[in-house]
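Only one structure is covered here, and it is reproduced in the block below.
The values are calculated or read from the model by the stated rules, or taken from the named source; none is laboratory data. The structure presented is a predicted model; accordingly, all values stated were derived computationally and were not measured. We place every Cβ from the backbone using ideal geometry, glycine too, and count neighbours over all the protein chains shown.
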Amino acid sequence: MIIGLSGRNGAGKGEVLAFLESRSFYAHSLSDVIRDELRRRGQDETRERMIELLKNVPQQAQVTVLHVTHSRHEADLLGDLIFRLHEGRIEVIKAETPTTNIVASRAP
């Protein structure tokens, strides 16, 4: 499983990362990996090119990616399934697969 964390300064990414690392997840900077790949290809490091490259990762690596963002635009560009937390409930905003199930639990 790959979990992508993004957000504005002070959004809590560091706290989420510390929590995941305490549970044996490994941290890598995906933006650094993508920038390195764009440099290797001789392409400009624009946000648009980074997003386009990122869109291909799940298919090429055959993995599920959970990308957390505050940007609806970014979510629309990258996600097949988009949901939001609203007043303590999960709301599905976009689901390209009609059989999608979402399970939520409250952590202790």
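Assorted remarks:
- The residues of region 19-35 that are assigned to a helix (DSSP H, G or I) and either in contact with a Lys or Arg (Cβ under 6 Å, 6 or more places away or on another chain) or surrounded by 12 or more Cβ atoms within 10 Å (Cβ to Cβ) (or both), listed by number, are Phe19, Leu20, Leu30, Ser31, Val33, Ile34, Arg35.
- Only a single criterion out of (1) assigned to a helix (DSSP H, G or I); (2) modelled with pLDDT of 80 or more; (3) out of contact with any Ser or Thr (no Cβ under 6 Å at 6 or more places or on another chain) is not satisfied by Ala75, namely (3).
- Residue selected from region 1-13 under the condition among the small types (Gly, Ala, Ser) and surrounded by 11 or more Cβ atoms within 10 Å (Cβ to Cβ), by the criterion nearest to the chain's Cα centre (by Cα): Gly4
- Restricting attention to region 12-42, the residues that are within 15 Å of Glu52 (Cβ to Cβ) and in contact (Cβ under 8 Å) with a residue 12 or more places away in the chain total 6.
- For the residues Val33, Val65, the requirement of being β-branched (Val, Ile, Thr), out of contact with any helix residue (DSSP H, G or I) (no Cβ under 9 Å at 6 or more places or on another chain) and closer than 23 Å to Asn9 by Cα singles out Val33.
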